[in-house]
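Following: one structure in structure tokens, then a few remarks.
The values are calculated or read from the model by the stated rules, or taken from the named source; none is laboratory data. These numbers come from a predicted model, not from an experiment. Cβ coordinates were reconstructed from backbone atoms using ideal geometry, including for glycine residues, and neighbour counts include every protein chain displayed.
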Amino acid sequence: MISKVLTAGVRGVDGFAIEVEADIAAGMPTMAVVGLPDTEVKEAKDRVVAALRNSGFDFPSKRITVNLSPAEVKKSGTGFDLPIALSILAASGQLSKKALEKLKDHIFIGELGLDGSLRSCAGVLPMLGAAGKKTAVIPPANSGEAALAQILAIAPLNLKELAEYLDGVTDLAQIGKIEFKSEEFEYFLDFNEVKSQPLAKRALEIAAAGGHNILMIGLPGTGKSMLAKRFPSILPSLTHEEALEITKIYSVANMLGKDKFAYSRPFRDPHHTISDVALAGGGATPKPGEISLSHNGILFLDEFAEFGRAALEVLREPMETGSVSIARARESVSFPARFTLIAAMNPCPCGNHGHPHKQCTCTPVMINRYRSKISGPLLDRIDLTVNLNPVEFKDWEKKAEGENSKEIRARVTKAREIQKERFKNSKTKVNAFMTTAEIKKFCPLPEGGGPVLEAAMRKLGLSARSLDKILKTARTIADLEGSKDISKLHIMEVLQYRPLDRKGVADV
Ligand SMILES: [Zn+2]
């Protein structure tokens with residue numbers, strides 16, 4: 001007898017339906033799994049044998065063939081244990097007629113423990129996308145993902161409980177659906193804990209409001225990473241859609257842990273020794289890298305100039321397109337990677353350039369080489385550069401703490417709402433990603449703006465490309481003010497966060 005059980009697989013962050021067929025025939029007792037399984041799927045065999053026996057079922061001593069179709073797509077992960085076990089139960093006549101009927105309305109995902117218990121596995125949320133109108137049967141530990149996906153799902157504790165449910169002996173409660181509300185989430189770190197650095201704080205507010213990437217240049221100990229770590233607290237709240245996207249990525253990476261789903265914007269800060277593969281994602285079965293793990297959140301690269309050239313080049317594609325593709329011999333998968341880049345670096349290799357009391361030991365050639373490690377195309381995607389000065393004792397001593405994150409976030413959220421309206425008929429979501437045509441349409445030069453820009457171009461040696469960046473950023477400053485038009489003052493403010501230019505690096 002041949003049986004069919006439905007399950008799902010994952011490609012990138014998308015699920016697709018898979019049919020598990022089992023055939024049991026007379027012959028030498030063996031079990032073969034075919035249909036491009038990887039080693040993890042092949043190991044299902046031993047777990048399934050033990051799980052069935054320890055749940056009071058027979059494991060047939062016959063020739064068993066399990067086929068995963070479509071056969072041409074690679075299958076990976078441990079979620080096939082459950083559907084394989086059920087296909088064997090069905091094919092060996094150990095399920096009642098009623099159970100066989102009911103089987104058809106469900107899809108099954110889950111790893112099996114040797115005792116028959118259902119254990120969590122990676123990629124459940126994307127797989128649920130393949131469930132359609134069927135009820136998904138998933139491990140209890142993955143129930144948060146089903147709740148977020150808002151689909152019909154049940155989570156039996158073990159194989160025995162599932163068999164009783166299929167037989168109609170017991171009923172299992174549906175997993176409740178949840179509507180994600182990130183307003184409930186409070187950040188531990190607040191902007192008012194950072195003393196001084198008003199210019200950097202303002203630049204970060206602009207970055208948050210318009211989705212601009214930012215580079216902070218400053219002496220060690222000026223609070224670059226302290227500021228970066230507080231950046232998520234001034235970003236707009238996560239939407240349900242964004243939370244789903246993030247959770248899918250973490251689900252595939254098997255990094256959801258106890259949280260069950262993503263409830264805050266990711267903040268990733270890989271070390272500068274990271275490889276290009278760890279940054280971009282990869283592996284035999286492609287897994288998301290740091291740039292995808294920071295999707296809808298922040299990628300903080302401290303010691304920016306110390307990152308390997310290959311690693312830095314990896315950033316270019318996602319910064320242009322919002323996703324990264326990983327090519328493999330059989331298939332190419334793509335992961336979402338839309339993040340805000342916060343880069344930080346010292347002003348020079350020794351870190352003392354511009355320090356009021358310490359001596360810089362670097363030669364101009366050394367400083368130039370250090371800064372030119374950041375390539376032109378990468379700089380083109382960084383709209384804001386801000387220099388941080390050492391904190392003076394009088395500032396450090398100050399009691400006044402300045403604005404808290406909530407106040408700043410309120411302004412940022414308002415500016416984002418203006419952009420939502422502006423780009424409602426466009427693929428663009430935030431000012432930083434405006435096309436040339438959109439810059440022309442939404443960023444007309446104010447009266448007297450031309451001469452200001454012209455003078456800046458001459459004095460600072462800015463390229464035409466930099467002018468686009470200046471206009472995009474000025475648009476964001478105008479939005480923060482709720483102003484319909486860009487003014488000369490807005491442009492003059494942007495010139496303080498003078499973009500590093502392709503042609504050379506700005507003086508510090
Ligand atoms: Zn130096």
Qualifying position, being surrounded by fewer than 20 Cβ atoms within 10 Å (Cβ to Cβ) and at positive phi, among GLY132, GLY123, GLY110: GLY132
SER143 in the same structural domain as PRO349 (by TED's automatic domain parsing) and either of a type in the set (Gly, Ala, Ser) or not in a helix (DSSP H, G or I) (or both): no
Qualifying positions in segment 265-316 - farther than 24 Å from ASP14 by Cβ and assigned to a loop (DSSP other than H, G, I, E, B): ASP269, PRO270, HIS271, HIS272, THR273, ILE274, SER275, ASP302, GLU303, PHE307, GLY308
Every residue from segment 61-92 that is buried (at least 19 other Cβ atoms within 10 Å of the Cβ) and not in a helix (DSSP H, G or I): ILE64, VAL66, LEU68, LYS75, SER76, GLY77, THR78, GLY79, PHE80, SER92
Number of positions in segment 371-389 that are away from the ligand (no atom under 12 Å from the Cβ) and either crowded, with 18+ Cβ neighbours inside 10 Å or at pLDDT 90 or above (or both): 11
Among (1) farther than 29 Å from SER61 by Cα; (2) at pLDDT 95 or above, the one test that GLY116 misses: (1)
Conditions (1) assigned to a loop (DSSP other than H, G, I, E, B); (2) over 23 Å from the mean Cα position of the chain (by Cα): number failed by ALA203: (1)
Whichever residue in segment 51-69 is in contact with a strand residue (DSSP E or B) (Cβ under 8 Å, 6 or more places away or on another chain) and in contact (Cβ under 8 Å) with a residue 40 or more places away in the chain and, among such residues, is nearest to ASP81 (Cα to Cα): ALA51
Residue check for SER323: among the small types (Gly, Ala, Ser), within 17 Å of the chain's Cα centre (by Cα), assigned by TED's automatic domain parsing to the domain that holds SER264 and farther than 27 Å from MET226 by Cα: yes
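The rows are residues; the columns are (1) closer than 30 Å to LYS358 by Cβ; (2) modelled with pLDDT of 90 or more; (3) surrounded by fewer than 17 Cβ atoms within 10 Å (Cβ to Cβ).
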site	(1), (2), (3)
VAL169	no, yes, yes
ILE178	no, no, yes
GLU183	no, no, yes
LYS201	yes, yes, no
GLY211	no, yes, no
MET216	yes, yes, no
PRO220	yes, no, yes
MET226	yes, yes, yes
PRO232	no, yes, no
Cross-chain or 6+ apart pairs with Cβ under 9 Å, segment 343-355 first and in the same structural domain as ALA228 (by TED's automatic domain parsing), then among the aliphatic types (A, V, I, L, M) and near the ligand (Cβ under 7 Å from one of its atoms): PRO347/ILE367; CYS348/ILE367; PRO349/ILE367; HIS353/ILE367
Test: residue in segment 36-47 that is farther than 30 Å from VAL324 by Cβ, surrounded by fewer than 17 Cβ atoms within 10 Å (Cβ to Cβ) and at pLDDT below 95: yes
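Would you confirm whether or not segment 469-478 contains a residue that is of a type in the set (Ser, Thr, Tyr), modelled with pLDDT of 90 or more and in a loop (DSSP other than H, G, I, E, B)?
no
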In segment 340-370, residue farthest from LYS469 (Cα to Cα) [restricted to those that are crowded, with 21+ Cβ neighbours inside 10 Å and more than 9 Å from the ligand (Cβ to nearest atom)]: MET345
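Using the structure shown, decide if GLU331 is within 16 Å of the ligand (Cβ to nearest atom), out of contact with any strand residue (DSSP E or B) (no Cβ under 6 Å at 6 or more places or on another chain) and among the charged types (D, E, K, R).
No; evaluated as a whole, the condition is false for this residue.
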Total residues in segment 103-132, condition touching a strand residue (DSSP E or B) at 6+ places or on another chain (Cβ under 9 Å), assigned to a loop (DSSP other than H, G, I, E, B) and not hydroxyl-bearing (Ser, Thr, Tyr): 14
Subset of segment 458-468 [out of contact with any Lys or Arg (no Cβ under 7 Å at 6 or more places or on another chain) and part of a helix (DSSP H, G or I)]: ARG458, LYS459, ALA464, SER466, LEU467, ASP468
Where MET319 falls short, out of the listed (1) at pLDDT below 90; (2) crowded, with 17+ Cβ neighbours inside 10 Å; (3) away from the ligand (no atom under 16 Å from the Cβ): (1)
